[in-house]
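The values are calculated or read from the model by the stated rules, or taken from the named source; none is laboratory data. Values in this document were obtained by computation on a predicted structure and should not be read as measured data. As a convention, Cβ positions derive from the backbone with ideal geometry for all residues, glycine included, and neighbour counts pool all protein chains shown.
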Amino acid sequence: MNLSEIVPSRIYSWVYNPDAQKWSENNLKKGGRQGLPQNELYGRVTVRSVKSGQAATIDMYVRRAVKLNPSYVPQGDYTPRMEATENPCVFRSLSSGDYQVMIMEPKTHKVEYFVDGKPASPEELATIEMFRKAKQEPWFIITADLGNGLTQVNRMQFKSLAAAKEAMKKYENILDIHPEKVKVEFPYAANLVNVNIDELPETVFED
């Protein structure tokens, strides 16, 4: 795709397929310490996942960041490693020269694991999970309409959007309010990726 084809707020999909060494460094423990055996799969696992997300601009980033934290003040240069282009969603990486699209709230639709290029067996999948690095639970914004013009906004951590919504059922009972009056949002500032423009397909999906 070229720069002019990327439209703010439009949903794009792409395939995430990092090399085995890079994925292992970011996601797996080597083992051999803290009671774990040596991880025999380290550096041998590749992942293929289909993702989609919304093309975003810096202004969209700032609006969502302020919503997450009202005291947030953007720095004068919050993309020091990126060069702006004529498209507000696309930047050029100063280190690689690649054109990258800012993607908001990416979602994963399908994940496949491979070991040495072959589909991972059930035993290998279990090993991958055993050695997977723990990730910090993301923050969610919980907005509750209390009536009489009153609104309560909380920032809470959950493992996933589904877990957040499940917890909100108890939250609604405590406050004695209707479920439709509680809104759960995944904050943009905690979920941002840059995707090379060459990885985005010609076909796009609208919300």
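What residue, of 73, 101, 47, 15, is under 21 Å from the mean Cα position of the chain (by Cα), surrounded by fewer than 16 Cβ atoms within 10 Å (Cβ to Cβ) and either more than 22 Å from residue 196 (Cβ to Cβ) or touching a residue at least 40 places away in the same chain (Cβ under 8 Å) (or both)?
15
Could you pull out the residue among 26, 39 that is closer than 30 Å to residue 125 by Cα, surrounded by 18 or more Cβ atoms within 10 Å (Cβ to Cβ), polar (S, T, N, Q) and assigned by TED's automatic domain parsing to the domain that holds residue 112?
None of the other options fit; the residue is 39.
Keeping to the stretch 12-57, report how many residues are in a helix (DSSP H, G or I), of a type in the set (A, V, I, L, M, F, W, C) and farther than 14 Å from residue 129 by Cα.
Number satisfying all stated conditions: 1.
Could you please let me know if residue 25 is at pLDDT 85 or above and more than 22 Å from the chain's Cα centre (by Cα)?
no
If you check 4, 9, which single one turns out to be in a helix (DSSP H, G or I) and of a type outside the set (Phe, Trp, Tyr)?
4 is the lone residue from the list that is in a helix (DSSP H, G or I) and of a type outside the set (Phe, Trp, Tyr).
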